[in-house]
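A.B. asks: Shown below is the structure under consideration.
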Amino acid sequence: MFSPAAPWPLAASLGPLARQRGLFLHLPAHRRGAAAPPGRPRLPWAWDLPELPELGGPLLAEGAVAASQRRLAAELGANHSWYGVNGASGLLQAALLGAVPPGGRVLLPRNLHRSLLHGCLLGGLEPLFYAPPLDPATGLWQPLPPNELEQLLAAAGELDLLVLVSPTYQGLAADLPALVALAQGRGLPVLVDEAHGGHFGLDPSLPCGALAAGADLVVQSLHKSLGGLGQTALLHLQGPRLAPEAIEQALLWLQTSSPSALLMLSAERALAARLAPRGRRQLSLWLHQARALGDRLRRGGLPLLPNQDPLRLVLDCGALGLTGLAADDWLMARRVVAECPEPLSLTFCLGMGSPRGLERPLAAALGQLRQAWAGADPLPPLAPAPLPALARLAVPLAQAWRAPAVELPLAEAVGRIAARPLCPYPPGIPLLLPGERLDRPRLDWLEGQRQLWAGQIADRVTVLA
Ligand SMILES: Cc1ncc(COP(=O)(O)O)c(C=O)c1O
């Protein structure tokens, strides 16, 4: 056990190590900063240390990294926590490979991040896809209602893992306690992609986080939701259904053998800041301020969509008469950079800090945007994707993705099998999956999407030769 007053292990260890004097002939090649490339801003090269005995790494039992992971697990309520330095992507893949044997069956949402698809490919898993409700008026995937999950589980047959995504990019959160309980009631373990919700377990005004909901595996992206450096993420494991050894094995297969101490330190700092009593009070205040900011923008006539994360503001661009991609371009030209443009919406991330000071410039920019499109008709609702509630691939994923393939114009691909995904980024949700059969309704829908994603989707599709 740790004492809550104890200093955090990585911070306590890295500083003294970085100040050591000596002849350092180990990698990284910048020699603790002595041979760092010149330039500004100065980076803390001396802190970029390898797996020295004092530090260890995410898969070693001893050292500051292990101690930091143990403390995080204890504070966040998991049995095990592991740092990842290849984003939530790398940890989602490790979670899949650790939880499901080759040939095992995984039930995944159709609005999955593409890294989960890659994980299924690498692990030789059989994916089954469920389509959560899609709101045609906003173009946004909605959380899966528990009664729909019940029907899906009854229809899907034998499964090895259920994957849920909550919250979405736009801060829409599912009823995780009910969904997790339904799956686990049938003995089915649950992985939650909580990339956008690392803060959800940290404040009672936010929906229940995935760990508190009892999920077996939870992946959080710390650079997306908690302020860590890019690539930082955390994987948590709890409960009796999955073996930590199997997860560690998969982490060993997929993670780098040179995890960056700097990245992990930034991850520790991001969480330590929020777990301290002062940090929790700050988060509550920022959430309160962000809610008030959103309310004032709405009262000022800006169409912001309802969601459960006050730190994500989602502009209903369709209501203003333009696509989210056009709104993004217009704002970017005025140096207002948003995060996630989609056909009918644009998402702004307020970030892990006080939102005060953001309101005036944001309100001004969005007011000008609205003015520039004054009189435009609202965009029509999106045509729903012609997807069954539960779908299997016509050809196994790995077989389709690796097979000889040809490119065809969309119009000529009727009846063919897709060999590559079509995937605008962000949000990284594939519109077409390798192994799916292209029938006429699907091709017509893809053609419609192509118009909406402005240049992000080619007019050709790669299909099995
Ligand atoms: C829902 C979701 N999961 C996972 C990821 C991957 O996260 P990372 O960029 O940290 O690898 C993303 C990235 O956009 C995402 O939106």
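A.B. asks: Mind checking the full-extension length gain between A243 and F2? Use 0.36 nm per residue of separation minus the Cα-Cα distance, one decimal, nm.
C.D. replies: Numbers: separation 241, 0.36 × 241 = 86.76 nm, distance 2.45 nm.
Contour length minus Cα-Cα distance gives 84.3 nm.
A.B. asks: What nm distance separates the two modelled labels at R420 and A465, each placed 7 Å from Cα along Cα→Cβ?
C.D. replies: About 1.5 nm separates the two model spin labels.
A.B. asks: Same structure again: At 0.36 nm per residue, and after removing the present C-alpha to C-alpha distance, how many nm does the segment from A61 to R298 gain when stretched out fully? Spell out each step's value before the answer.
C.D. replies: Numbers: separation 237, 0.36 × 237 = 85.32 nm, distance 5.10 nm.
Full extension from A61 to R298 adds 80.2 nm.
A.B. asks: Across the Cα atoms of the chain, what radius of gyration and what greatest pairwise Cα-Cα distance (Dmax) are found, in Å?
C.D. replies: Taking only Cα atoms of the chain, I get Rg and Dmax of 23.1, 70 Å.
A.B. asks: Here is a follow-up. Please compute the Cα-Cα pair-distance distribution of segment 150-201 with 5 Å bins starting at 0, giving whole percents from short to long.
C.D. replies: Whole-percent P(r) values from 0 Å outward: 4, 19, 30, 21, 15, 9, 2.
A.B. asks: Starting from the alpha-carbon convex hull of segment 249-311, give the projected area averaged over all orientations, in nm².
C.D. replies: Working: hull surface 28.5 nm².
Taking a quarter of the hull surface, the average projection is 7.1 nm².
A.B. asks: So, one more: Grab the other residues whose beta carbon is less than 9 angstrom from that of A391, score K and R as +1, D and E as -1, and report the net.
C.D. replies: Local net charge: +1.
A.B. asks: Carbon and sulfur atoms: what percent of the 1.4 Å accessible area of segment 339-465 do they account for? Can you show the working numbers first?
C.D. replies: Numbers: 3300 of 6130 Å².
The value for segment 339-465 is 54 percent carbon and sulfur by accessible area.
A.B. asks: Same structure again: May I ask for the equivalent-ellipsoid semi-axes of segment 293-344, computed as the square root of five times each C-alpha gyration tensor eigenvalue and listed largest first in whole Å?
C.D. replies: Details: eigenvalues 65, 30, 26 Å².
After scaling each eigenvalue by five and taking roots: 18, 12, 11 Å.
A.B. asks: Let me know the whole percent of all Cα-Cα pairs from segment 215-354 that are separated by more than 17 Å. Kindly include the intermediate steps, with their values, before the conclusion.
C.D. replies: Details: 6893 of 9730 pairs.
Considering segment 215-354, 71 percent of its Cα-Cα pairs are separated by more than 17 Å.
A.B. asks: Express the carbon and sulfur contribution to the solvent-accessible surface of segment 177-326 as a percent, rounded to the nearest whole number, probe 1.4 angstrom.
C.D. replies: Roughly 56 percent, rounded to a whole number.
A.B. asks: What's the extension gain from A385 to E407 if we count 0.36 nm per residue and subtract their Cα-Cα distance?
C.D. replies: Details: separation 22, 0.36 × 22 = 7.92 nm, distance 2.26 nm.
Extra length available between A385 and E407 comes to 5.7 nm.
A.B. asks: At 1.4 Å probe radius, can you tell me the per residue accessible area of the chain in Å²? Could the numbers behind the result be given before it?
C.D. replies: Working: 19960 Å² over 465 residues.
Dividing the accessible area of the chain by its residue count gives 43 Å².
A.B. asks: Two decimals, Cα atoms only, Kirkwood Rh: what is Rg/Rh over segment 24-275? Before the final figure, lay out each step's value.
C.D. replies: On the way: Rg = 18.8 Å, Rh = 18.8 Å.
Reported Rg/Rh, Kirkwood definition of Rh: 1.00.
A.B. asks: Please give me the summed charge of the neighbours of L382: other residues whose Cβ is under 14 Å from its Cβ, Lys and Arg +1, Asp and Glu -1. Walk me through the numbers before you get to the answer.
C.D. replies: Numbers: positive: R450; negative: D135, D316, E342, D444, E447.
Around L382, the charge tally is -4.
A.B. asks: Given the C-alpha atoms of segment 393-464, compute the convex hull and give its volume per residue in Å³.
C.D. replies: On the way: hull volume 5.6 nm³, N = 72.
That works out to 78 Å³ per residue.
A.B. asks: From the helices alone, meaning DSSP H stretches of at least four residues, give me the mean residue ellipticity at 222 nm for the chain, per-run term -39500 (n - 2.57), in deg cm²/dmol to the nearest 500.
C.D. replies: Values: 15 runs with 167 residues, N = 465.
The helix-only estimate for the chain comes to -11000 deg cm²/dmol at 222 nm.
A.B. asks: Now, a different point. Once you keep just the Cα pairs under 8 angstrom separated by 6 or more residues, what percentage relative contact order results for the chain?
C.D. replies: Values: 904 pairs, mean separation 66.9, N = 465.
That works out to 14 percent.
A.B. asks: Another question, if that's okay. Place a +1 charge on the Cβ of each Lys and Arg in segment 90-161 and a -1 charge on the Cβ of each Asp and Glu, then give the dipole magnitude about the Cα centre in debye, rounded to the nearest 20. Show your work: numbers first, answer last.
C.D. replies: Working: 3 positive and 6 negative charges, 50 e Å.
Result for segment 90-161 is approximately 240 debye, rounded to the nearest 20.
The values are calculated or read from the model by the stated rules, or taken from the named source; none is laboratory data. Treat the numbers as computed from the prediction; the structure is a model and nothing was measured. Every residue, glycine among them, receives a Cβ derived from its backbone with ideal geometry; neighbour counts consider all protein chains shown. All accessible areas refer to the heavy atoms of the entire protein, side chains included, with ligands and DNA or RNA removed. Shrake-Rupley method; radii C 1.70, N 1.55, O 1.52, S 1.80 Å.
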